[in-house]
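Comments concern the structure below.
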Amino acid sequence: MGPDEGHAHDAEGEPVPPLSPAGSAGPRGDGIWLWNVVDAVVRESRISATRDGIYLSYGERIRLEGNVISDARYGIHDMYARDLRIRRNVLRGNLSGCLLMYGGPVVVEGNAIVESGSPSTGFGVLVKDAGDVLVRGNAIVDDRVAVHVDDAGRTGGAPARIERNLIAANQVGVVLYPSSRPTFTGNAFVENAAQVVLGGTGRARASWSQGGVGNHWSDYQGFDADGDGVGDVPYVQGGRVGELVARSPVLLALASGPALRLVEAVEERWAPREPIVVDPAPLMRAVRPRVPALAPGDAGSPALAAAGLLLAGAGGAGLALGRRAKGGRPGA
């Protein structure tokens, strides 16, 4: 059963009355709201035009699987949940996709998180003060910021792990804060306007490889002489140019042009600035995460189609994403 504008469906697939009449200016409520629940499962629901698609506060052993959430403020908004599993959902055209705040452990796996375009938020996945977070095998495409990690693990859990995701065609691939110690391995960073940006002040403390496996970078300029699939020189990135692009949308049109590339090269060679990224084992081929297809029969998305072409050009297989739903996203 497909979604109706202004409606949500509960965990059994039964329709829920409209949260606000279509076209009205009244406030919208959350599609599904969970508080202090144990062993809850929300599966194969269709949620559209709500405040938060799924909002959960506290709770334990919660499963969110196979849901489609669009045109909401936040697709999934988690506060203090423990043992949360978010798998094979489609979060599309929301102001932000998946916000993980406090609590943990959390697994975010096999989701399509696309077109989170709010100029003030626009996060694909945000990890804020949550411990033991695993973000694995997702397609995070055409968001303002694909992955935002802020103080993750400070609450006592293990640092965040970001593994085997496609992070493509975003304004910023990753925003890191110095107090975070995440590990990135096996990801494909493909044609983001700025691959990684450091938030706050201080030095980056992330790890960019594990067990000899780094990440794929579309702007890597090294080589693989022995053909083992791993670059023979590290990928090094970081500096003021990426920060300027991330903070000044007017520069996005110039991000891949020769002028900014020249400035980046000069800065990397001469500026006395510690790099944000040093990946000692960059991958020559991109990963292809297995994520759910988007709803068939809707208007096509040029951004998603472009991401598939970018992935193919980067040495990976085509991207298994479908089409974008008709209709605009809510205002910021």
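In sequence order, the stretch 186-197 has phi-based couplings of x, 7, 10, 9, 10, 6, 7, 4, 10, 5, 9, 10 Hz under the Karplus curve 6.51 cos²θ - 1.76 cosθ + 1.60, θ = phi - 60°, and Gly or Pro positions carry x.
Each residue of the stretch 127-139 is assigned a 3J(HN,Hα), and the resulting list reads 10, 10, 6, 9, x, 6, 9, 10, 10, 9, x, 9, 9 Hz, derived from the Karplus form 6.51 cos²θ - 1.76 cosθ + 1.60 (θ = phi - 60°), x at Gly and Pro. Using equal-weight Cα scatterers in the Debye expression, the normalised intensity of the stretch 130-237 in log10 at q = 0.12, 0.16, 0.24 Å⁻¹ is -0.40, -0.71, -1.43. What ranking of VAL197, VAL278 emerges when the number of other C-beta atoms within 10 Å of each C-beta is taken as an exposure proxy, fewest first? So the residues, fewest neighbours to most, are VAL278, VAL197. Of THR50, THR201, THR183, THR121, the sequence from fewest to most neighbouring Cβ atoms within 10 angstrom is THR201, THR183, THR121, THR50.
For the stretch 76-83, backbone phi angles converted through the Karplus equation (6.51, -1.76, 1.60; θ = phi - 60°) give residue-by-residue couplings of 10, 10, 10, 10, 6, 6, 10, 6 Hz, Gly and Pro being listed as x. Normalised by 2.2 N^0.38 Å, where N is the number of residues, the alpha-carbon radius of gyration of the stretch 36-147 equals 0.92.
Modelled this way, with points 7 Å down the Cα-to-C-beta line, the labels at ARG61 and ASP219 are 4.6 nm from one another.
Taking other Cβ atoms within 10 Å as a rough exposure proxy, GLU44, GLU115 sort from fewest to most as GLU44, GLU115.
The numbers here are math on the coordinates, done by the rules we state, and not lab data. Only a predicted model underlies this, so the values are computations on that prediction, with no experimental measurement involved. Heads up, the Cβs are rebuilt from the backbone with ideal geometry, glycines too, and the neighbour counts pull from every protein chain shown.
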